[in-house]
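Each remark here refers to the structure printed beneath this line.
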Amino acid sequence: MRNPVIRLQNLLGMQGLFVRNGASFIGQVLYTLPAIFKWPVRKALLKQLYFTGIQSAGPVSVMGFLAGMIMVMQVSNLVGRNELLTLQVLIWTVVRELGPLLTAIVIVGRSSSAIASELAAMQVNGEILSLKRMGISPISYLVMPRILAMTITSSVLTFYFQVVAIGTGMIVTAWNMDISLLGEVNHFFEILSFQEIFAAFLKSVCFGTIVSMVSCYYGLSVHRAMTEIPVAASRAVMQSLLAVFACDGFITVLVFS
Amino acid sequence: MSELFRLVEVQCADSAQAHSFTLSCGDRRVFELASLVEKEAMIDLVTGVEVAKHGRVQIVQGDRRLNKNNELGKDGERRRQSQTIPVIWQSLRKARQGRVAWVSANGGLISNLKVWENVTLPLWHHFRHDEPEAEQRIKHWLALLGLEQNAFADFMASPPASLALWQRKLAGLLRALVQMPQLLVIDAKVFEGVEAHLTEQWVAALDIYAEKDGAVLAITDSLTSLPWQKVERLN
């Protein structure tokens, strides 16, 4: 009987090779996780948290504010003066879908191409080989901190996006319909369920992990030609987006069907 | 002199020739290979990146590494141990962390790190994080490598892209020396295109390092003017 991983790879064709390499990549990252206690790896993690997290907070705030305002305007136009339904639609959309998805899109736009091109340039310049010859695993020093940072950042930024979008939506609703903001906050906690919070958290964690894995994978897959760098960056962005949407569909079906 | 490192019947790349030699404390050797491909393959073998398909690459296991911090002198140099260290050979691949250092022809610096971060990267990755000790070691070796004390701060804060080629080579050499490895593997091309007085200082610094319980192996695929003996092949 043949190895089930090989069987799955054959079944999936070209995508199967990506799945097999991806699985091996995940294994290597998990194996190098204890390296996080080493000072240079911790420092690399902090740099990535700053780059992916702190520097993305601005665009995420703007998108959250606009998404909340647009959502409330559109729903109010559709359902009229019904603040409870407006709030319900806002929560369903922002918590279940828009929050994790738009945050992932911001991260893909800002960090995916940056990570892929940075790693690809290091590969082309022989810096990855230099690390290996110094006895430093590129997976533990370059890949693992990026994956960890992006996973943490994705969940924190998703929560931040949701707070900004829902907060803006509530303020706009309270202003438009002349109702109490405190009453809306009370309704919010009544409407919100554990299932929604769990789905949003699961999505944000999975999106962060997937985007960083795909970016690092394409960044490290180049060989020695400079022309491979932009190709790796664009592939990383496209494959990250596809993987995020596929994962979103899978989790939505899993949790809400 | 105690043995540190050995290659036993190792074949690299597509070469039919097998290499065997042993390096002891204080050895400085030049290892000439026939082609660039063979040289790169040999560097991968002696730095532990690849495992030899034929033969063995081994390093001595001893108390040397565990006592490293206690053996540091006031200038950051390692002191000789008086007691005899038992010789136990182990595969380099399993035991290389911090025991073999590498100097690339262009310094091999990581472009998104400043020189200070580059120099301390393998030291803090393989051993504990101790800034005063690292600074002491770096100042000690920098003085020996020919960089003036007043240029220290600027040099350390520079990104690799802003350095001249000889400065990048110097940083690569410094990075390897501050680790105080058992074996320092160096691409002999490091010394090409560098002013003669600097080459002399670098060679002298490597001699001092080797005399303190280490060995230097310069690998080349062409003629070199390095004053060290060539590797004596046993086969």
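Here are some notes:
- Those residues of the stretch B:97-111 which are at the interface with chain A (Cβ under 7 Å from one of its Cβ atoms) and either surrounded by fewer than 18 Cβ atoms within 10 Å (Cβ to Cβ) or out of contact with any helix residue (DSSP H, G or I) (no Cβ under 9 Å at 6 or more places or on another chain) (or both), in sequence order: B:GLN97, B:SER111
- Of all residues in the stretch B:8-55, those satisfying the criterion of being over 14 Å from B:VAL216 (Cβ atoms), away from chain A (no Cβ under 14 Å) and in contact with a helix residue (DSSP H, G or I) (Cβ under 7 Å, 6 or more places away or on another chain) are B:VAL10, B:CYS12, B:ALA13, B:SER15, B:LEU33, B:ALA52.
- Of the residues making up the stretch A:29-50, those that are facing chain B (nearest Cβ under 9 Å) and of a type in the set (A, V, I, L, M, F, W, C) number 3.
- Within the stretch B:134-167, the set of residues being surrounded by fewer than 20 Cβ atoms within 10 Å (Cβ to Cβ), within 14 Å of chain A (Cβ to nearest Cβ), in contact with a helix residue (DSSP H, G or I) (Cβ under 9 Å, 6 or more places away or on another chain) and part of a helix (DSSP H, G or I) comprises just one member, B:ALA134.
- Filter pass, B:HIS129 being surrounded by fewer than 16 Cβ atoms within 10 Å (Cβ to Cβ), within 13 Å of chain A (Cβ to nearest Cβ) and either in contact with a Phe, Trp or Tyr (Cβ under 6 Å, 6 or more places away or on another chain) or farther than 22 Å from B:ALA204 by Cβ (or both): yes
- Elements of type helices (runs of 4 or more DSSP H) in the stretch A:173-257, at least 3 residues being touching a Lys or Arg at 6+ places or on another chain (Cβ under 9 Å) and at negative phi: A:194-220, A:228-256
- For the stretch B:16-58, filtered to residues that are more than 20 Å from the chain's Cα centre (by Cα) and free of Cβ contacts under 8 Å to residues at least 24 places away in the same chain, the residue that is surrounded by the most Cβ atoms within 10 Å (Cβ to Cβ) is B:GLN17.
- Per-region count, the stretch A:66-119, residues within 14 Å of another protein chain (Cβ to nearest Cβ) and of a type outside the set (A, V, I, L, M, F, W, C): 2
Every number in this text was worked out from the coordinates using simple rules, so none of it is lab data. Predicted, not measured: the structure shown is a model, and the values here were computed from it. We place every Cβ from the backbone using ideal geometry, glycine too, and count neighbours over all the protein chains shown.
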